[in-house]
Each structure stands twice: as C-alpha cells, then as structure tokens.
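The values are calculated or read from the model by the stated rules, or taken from the named source; none is laboratory data. This structure is a prediction, so every number in the text was calculated from the model and none was measured. Note that we place each Cβ from the backbone using ideal geometry, even for glycine, and neighbour counts take in every protein chain shown.
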Amino acid sequence: LCAAIILGYTFMGGLWAALVADFVQFAVLVAAVVILPFLSFSHAGGIGNVMDALPDGFFSLTRPEAGYPFVYLLCYFTLLFLNYSTSWALAQRYYSSENDRSARKVGLLVAGLYLIGTPLFYLPAFGALVFLPDMANTKDVYPLICKTVLPVGMLGMVIAAMFSATMSTLAGDYNAVSSVLTNDLYKRMIGRDLSDKHLLVVGRVNTVMVGLLVLGITLVMRTLQGSGDLFNTMAKVFGLFLPPVAIPMLLGMLTPRISARGAQAGLFTGIVAGLAAFVLGAWHPFLRRAEFLTFWTAGVTLLVMTIVSACAPDTGGRREQVLAFFVRFKTNGSVENVTRQKGADTSFLPVIAAGIAAVGVILIAAVVLTGGLAKGHLSVCVGAALLAVAAGFWSAARRLR
C-alpha cells in the first residue's frame with residue numbers, strides 16, 4: 001500500500017510532489033520532535049533522575065564490546081559523508097533553488113538543522129532509561145516513548161509524520177533515479193531532440209520501474225534479513241555500492257584530472273570487487289562486515305580510477321567541456337536557475353499551507369471529538385501552532401503572486 005502511494009504521487013507530480021510532501025512532513029515532525037524531549041524528561045522526573053540512570057560509559061564514543069569499535073564509527077562517517085555529498089535526491093533540492101547564492105543558504109540551513117535536530121531526536125531515549133528500564137528490545141524505544149508520554153491525538157500524528165518522512169525520502173530517490181535514467185541515459189542514447197511530452201512519459205515509466213524494483217529488493221531483503229539487525233544490513237548494502245558510485249562523482253566535481261574512462265572503470269571495478277567480497281563472505285564472514293566492504297570498495301575504486309585516468313585522460317571536446325565546467329564553477333557571478341528564467345510558476349506554497357492546515361485541524365478535531373480536552377490541551381496548542389504556520393505559508397504565497 002505504501003509503495004503504491006509513493007509511486008502514485010511521484011508518478012503524477014515528480015519533484016514538485018516530493019517537495020510539497022517534504023515541507024508538510026517536516027512541519028508536522030518538528031512539532032512533535034521539539035516537545036518530545038521535554039515530555040520525556042518530565043515523565044522521568046527531571047534531568048537529575050535521567051543523569052543518575054545513565055550507565056557507566058554511556059557517553060563513550062565507541063562500544064567495542066557491543067560490536068561498534070572506532071573503525072565502525074569511521075566507516076559510518078565515511079558512508080554519511082559520501083551520501084550527503086553525492087546523493088541525487090539531495091542534489092535536486094539544491095538545483096531547485098533560485099540561484100547559486102540561495103543554494104548556499106540552503107546548505108547552511110541544512111547543516112544548522114542537523115546540528116540542532118540530532119540531539120532533539122536522541123534526548124527522549126535518555127529519559128526512557130528511567131521510565132522504561134526493563135525494555136527487552138531497545139530498537140522499539142522511540143515508539144514506546146511516544147506511546148507513553150505523548151498526549152491525546154499526537155501519537156497518531158507522530159506516526160504519520162515519521163511514515164511520511166520515510167515515504168518522502170523514497171519519493172525523492174525515485175524521482176532522482178528516474179531523472180538520471182531519462183535525461184542522462186535515454187535522451188543521450190535515443191536523441192537530444194525529443195519533445196518534453198515524450199520525456200515526461202519516459203520519466204513516468206522509469207519512475208514506476210524504479211519503484212517496483214525497490215519494492216522487490218525490499219521484499220527480498222526482508223525475507224533474507226528476518227529478525228536480524230536491519231541497520232547493519234543497510235550499512236553493508238551502502239558499503240557495497242555507495243563508494244564506487246559516490247567517489248567518482250565527488251572527485252569529478254573537485255578535480256579535472258579524473259577522466260570519464262577513469263570514473264567508469266572505478267565504478268564498475270569497485271562494484272565487482274565488492275560483490276566478489278560479499279560472495280566470498282560465505283566462507284570468510286569478516287568479508288561481509290560493513291567496515292571491510294566500505295573501505296575495500298573505496299580503495300579499489302580510488303586505485304583503479306586514478307590509474308585509468310592517468311593512462312587515459314580526457315581529450316578533445318570532452319576535455320574542453322570539463323575545463324569549461326571548472327572555469328564556470330570558480331566564477332563569483334550569480335548563476336540563475338534556468339526554470340526561473342523561463343518564467344515557470346514554481347510557487348507551491350498554497351498547497352503546502354493547505355496540507356499543514358489539514359493536519360492541524362485533524363489534530364484539534366481528534367482531541368475535541370474524543371472528549372480529551374483535559375489531557376489533550378497540549379495537542380490543541382500544537383494544532384493551533386500548525387494552523388499559524390499554514391497561515392504564514394499562505395501569506396507568503398499571496399505576497400509572491
């Protein structure tokens with residue numbers, strides 16, 4: 001059902017639909033995340049009780065005895081760095097900006113939100129050590145905290161927001177991969193003079209294909225994974241495929257010395273080396289560890305890419321294109337978004353306002369209709385705050401007309 005919903009609005013709306021969903025789920029999720037640490041600490045009896053309940057070594061950077069040594073932390077950092085630096089879905093958000101100056105502001109805002117938001121997500125779990133001390137499965141801590149401390153109406157909103165955040169992430173990835181398949185592969189192979197309508201149809205078909213492929217992989221992983229650690233499985237998959245894909249992209253944007261043949265050789269060799277290690281891991285389990293897969297594929301990709309780029313550098317027209325890119329990249333002038341130059345209507349603020357307002361109304365109505373005003377006053381306040389945010393978006397939309 002979720003896969004069908006994601007495919008549906010991505011198929012019909014593309015990046016526009018993904019951005020609208022991003023804004024709505026962000027506003028709803030922030031409303032819950034901001035108050036959850038305070039509710040958790042209050043339920044635990046205050047900061048003093050929480051600090052007393054923390055076990056020895058709780059703030060230690062690594063936990064070797066639990067399978068998380070420093071090398072695992074370094075592996076995780078490497079994967080995050082490569083993902084945030086080269087993710088197609090994230091790149092779409094930046095080149096949807098009005099100009100390069102706005103894109104830089106987006107980057108700074110994202111960095112600030114990560115710096116502030118990460119502690120807000122983790123702090124509620126500290127309080128759970130006091131009022132959920134005997135929890136058997138720590139992976140369930142967040143939903144149990146929400147169930148225990150959130151007032152009437154907000155539990156469903158948080159579940160919906162987290163669900164929406166996951167769906168929005170997948171929608172962005174579907175749209176990004178579909179865009180690459182359509183513009184970078186299909187258009188170049190078939191012809192550059194294809195009409196926009198033709199490319200739109202191809203893009204929608206690619207979106208459906210990508211969505212069905214991801215759904216199939218998910219079902220297979222679910223079958224193979226069983227009740228194991230999904231996080232470690234994700235880290236292994238990222239370690240297998242992310243470095244060979246991300247390293248050529250990242251270095252290709254940073255230095256003109258990396259040739260097209262070098263990038264292609266690094267990509268394919270890195271993936272083959274990773275798959276070979278994963279297969280051999282059936283007899284040597286350490287080969288399937290996320291740490292080994294990450295640094296193995298990264299090392300092979302870097303080595304092959306460097307050697308092939310030195311032996312087969314770009315020449316002729318391709319070399320001129322690369323140098324022209326870096327000349328433009330280093331200029332200080334403002335680069336405007338082509339879409340805005342064409343005068344396209346990029347304002348989707350009224351739709352965002354309607355979505356946030358609908359969530360606020362539903363939250364208030366849930367409290368009123370269930371007769372939980374005595375315990376649900378906080379939910380009513382959150383609903384009113386969402387309505388105020390929606391009014392702000394609506395006002396901004398009217399000013400931009």
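Just a few scattered comments:
- Unmet criterion (only one of (1) buried (at least 18 other Cβ atoms within 10 Å of the Cβ); (2) assigned to a helix (DSSP H, G or I); (3) at pLDDT below 80) for I159: (1)
- Test: S87 is among the small types (G, A, S) and over 15 Å from P244 (Cα atoms): no
- Residues satisfying the stated conditions in the stretch 235-272, i.e. more than 26 Å from the chain's Cα centre (by Cα), crowded, with 20+ Cβ neighbours inside 10 Å and assigned to a helix (DSSP H, G or I): G262, A265
- One residue stands out in the stretch 288-318 among those that are among the charged types (D, E, K, R) and surrounded by 16 or more Cβ atoms within 10 Å (Cβ to Cβ): the one that is nearest to the chain's Cα centre (by Cα), namely E291.
- Scan of the stretch 167-217 for residues that are in contact (Cβ under 8 Å) with a residue 12 or more places away in the chain and hydroxyl-bearing (S, T, Y), ordered by number: S168, T169, Y174, S178, S179, T182, Y186, T207
- Criterion (surrounded by 15 or more Cβ atoms within 10 Å (Cβ to Cβ), in contact with a Pro (Cβ under 8 Å, 6 or more places away or on another chain) and modelled with pLDDT under 90) met by exactly one of A53, A27, A128: A53
- Of all residues in the stretch 352-401, those that are surrounded by fewer than 22 Cβ atoms within 10 Å (Cβ to Cβ) and over 16 Å from F26 (Cβ atoms) total 27.
- So L109, is it out of contact with any Phe, Trp or Tyr (no Cβ under 8 Å at 6 or more places or on another chain), surrounded by 15 or more Cβ atoms within 10 Å (Cβ to Cβ) and not small (G, A, S): no
- Exactly one residue among G8, G107, G13 is assigned to a helix (DSSP H, G or I) and within 25 Å of L254 (Cα to Cα), and that residue is G107.
- Residue that is farthest from the chain's Cα centre (by Cα), among those in the stretch 69-104 that are in a loop (DSSP other than H, G, I, E, B) and more than 20 Å from F295 (Cβ to Cβ): E98
- V327 in a helix (DSSP H, G or I) and surrounded by 13 or more Cβ atoms within 10 Å (Cβ to Cβ): no
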